[in-house]
Amino acid sequence: MKWLGRRQSDNVEDRRSISGGKVAVGGGIIGIIILLVNVFGGENARLITPVLEQLQGGQTQTEASAPLSAADEEMGKFVKVILADNEDIWAQIFTENGMTYKNPKLVLFRGSVQTACGGASSASGPFYCPGDQKVYMDLDFFDELKTKFGAKGGDFAIAYVIAHEIGHHVQTLLGTSEKMHEAQEGKSEAEANKLSVALELQADFYAGVWAHYNQKNLDAGDIEEALSAANAVGDDAIQSKMQGQIVPDSFTHGTSEQRMYWFKKGFSSGDIKQGTTFQEI
């Protein structure tokens, strides 16, 4: 992606050198489960993470955060550019639709973080907290995306994840998230999960819309990187890899095919009105 020399957002809080410590979930199955519980979402992972960490029998430990390396600094600048792109594009889209966009914050951290939605560790994956309207990311997640999930990686995979989480912010501003949670009340787990899938796929769609508006800054292969990431973290791909069987009623984010489809639909249309995931699930 073409990003060098472009505007950087002022709405990034870089806590990587002052994070409160690193929660060591290690390479065991507990750590992997925590990571998978809410990859690309995180809203539920913060609830189960403390419980699963206790099951490790005292393996959790605290480590001092290391100073930022040159590579860390460079990645921070990249994230600021991607957030700036989201700010500009969503402000334009909201204006075109007679609305006003409110910028979220993006927090970079290492190890663990406290949010208005509770505490979370790096294993939670990137997530959006509607309570403080902030996106939280430990960038080490993207190494996991390649090594554990088989995604291609690349800078646009990171851009896609950021755009997905900003998609959740858009849903908060539009009232979609609140309506979804209200609709889940009294539903069976399977029915509630279907609504969660619709919310996540719509965030993928919004990520595609963002990419549509940002085509002048894309390089060859960027969309393939995003689709590779979406494919790697489909519920069916994760369940097949981790437990050897697929349980559709337990899906919360959508299949690989669904996630790729809705990103591509957003990218091809650029029309937020076509993000009709709740009607099509």
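Selection of the stretch 223-255 for residues being among the hydrophobic types (A, V, I, L, M, F, W, C), assigned to a helix (DSSP H, G or I) and either farther than 30 Å from Tyr213 by Cβ or in contact with a strand residue (DSSP E or B) (Cβ under 9 Å, 6 or more places away or on another chain) (or both) yields only Met242. Within the stretch 119-149, being of a type outside the set (S, T, N, Q), in a helix (DSSP H, G or I) and touching a residue at least 12 places away in the same chain (Cβ under 8 Å) holds for Ala123, Phe141, Phe142, Glu144, Leu145. When you scan the stretch 219-231, do you find a residue that is modelled with pLDDT under 95, open to solvent by less than 60 Å² (accessible area, probe 1.4 Å) and closer than 22 Å to Met180 by Cβ, even just one? Scanning the stretch 219-231, I find at least one residue that is modelled with pLDDT under 95, open to solvent by less than 60 Å² (accessible area, probe 1.4 Å) and closer than 22 Å to Met180 by Cβ, so the answer is yes. Is it true that Lys187 is open to solvent by 10 Å² or more (accessible area, probe 1.4 Å), out of contact with any Cys (no Cβ under 9 Å at 6 or more places or on another chain) and under 20 Å from Ile82 (Cα atoms)? Taking the combined requirement at face value, the residue does not satisfy it.
Condition first: outside any helix (DSSP H, G or I) and polar (S, T, N, Q). Now tell me which residues in the stretch 184-217 satisfy that. Ser188, Asn214, listed by residue number. Given the condition polar (S, T, N, Q) and under 18 Å from Ser269 (Cβ atoms), answer yes or no: does some residue in the stretch 196-210 qualify? Taking every residue of the stretch 196-210 in turn, at least one turns out to be polar (S, T, N, Q) and under 18 Å from Ser269 (Cβ atoms).
Tell me yes or no: at least one residue of the stretch 233-245 is among the basic types (Lys, Arg) and free of Cβ contacts under 8 Å to residues at least 60 places away in the same chain.
Residues of the stretch 233-245 that are among the basic types (Lys, Arg), as a first pass: 241.
Filter once more, keeping what is free of Cβ contacts under 8 Å to residues at least 60 places away in the same chain: none.
Scanning the stretch 233-245, I find no residue that is among the basic types (Lys, Arg) and free of Cβ contacts under 8 Å to residues at least 60 places away in the same chain, so the answer is no.
Considering only residues in the stretch 2-29 that are at pLDDT 95 or above, in contact with a Leu (Cβ under 7 Å, 6 or more places away or on another chain) and in a loop (DSSP other than H, G, I, E, B), the one that is least open to solvent (accessible area, probe 1.4 Å) turns out to be Ser9. Looking only at residues in the stretch 87-103 that are free of Cβ contacts under 8 Å to residues at least 40 places away in the same chain and of a type in the set (Ser, Thr, Tyr), the one that is least open to solvent (accessible area, probe 1.4 Å) is Thr95.
Looking across the stretch 103-157 at every residue that is of a type in the set (Val, Ile, Thr) and over 15 Å from the mean Cα position of the chain (by Cα), the one that is modelled with the highest pLDDT is identified as Thr115.
Restrict the check to the stretch 266-281 and report whether at least one residue is of a type in the set (Val, Ile, Thr), farther than 29 Å from Thr95 by Cβ and open to solvent by 20 Å² or more (accessible area, probe 1.4 Å). Yes, some residue in the stretch 266-281 is of a type in the set (Val, Ile, Thr), farther than 29 Å from Thr95 by Cβ and open to solvent by 20 Å² or more (accessible area, probe 1.4 Å). Taking the criterion of being in contact with a Ser or Thr (Cβ under 6 Å, 6 or more places away or on another chain) and either open to solvent by 20 Å² or more (accessible area, probe 1.4 Å) or under 17 Å from Gln171 (Cα atoms) (or both), the residues of the stretch 104-118 that qualify are Arg110, Ser112.
The values are calculated or read from the model by the stated rules, or taken from the named source; none is laboratory data. Keep in mind that what you see is a predicted model, and the values were worked out from it rather than measured. With ideal geometry, Cβ positions are generated from the backbone for all residues, glycine too; neighbour counts draw on all protein chains shown. Side chains are part of the model used for accessible areas, which takes the heavy atoms of the whole protein and leaves out ligands, DNA and RNA. Shrake-Rupley method; radii C 1.70, N 1.55, O 1.52, S 1.80 Å.
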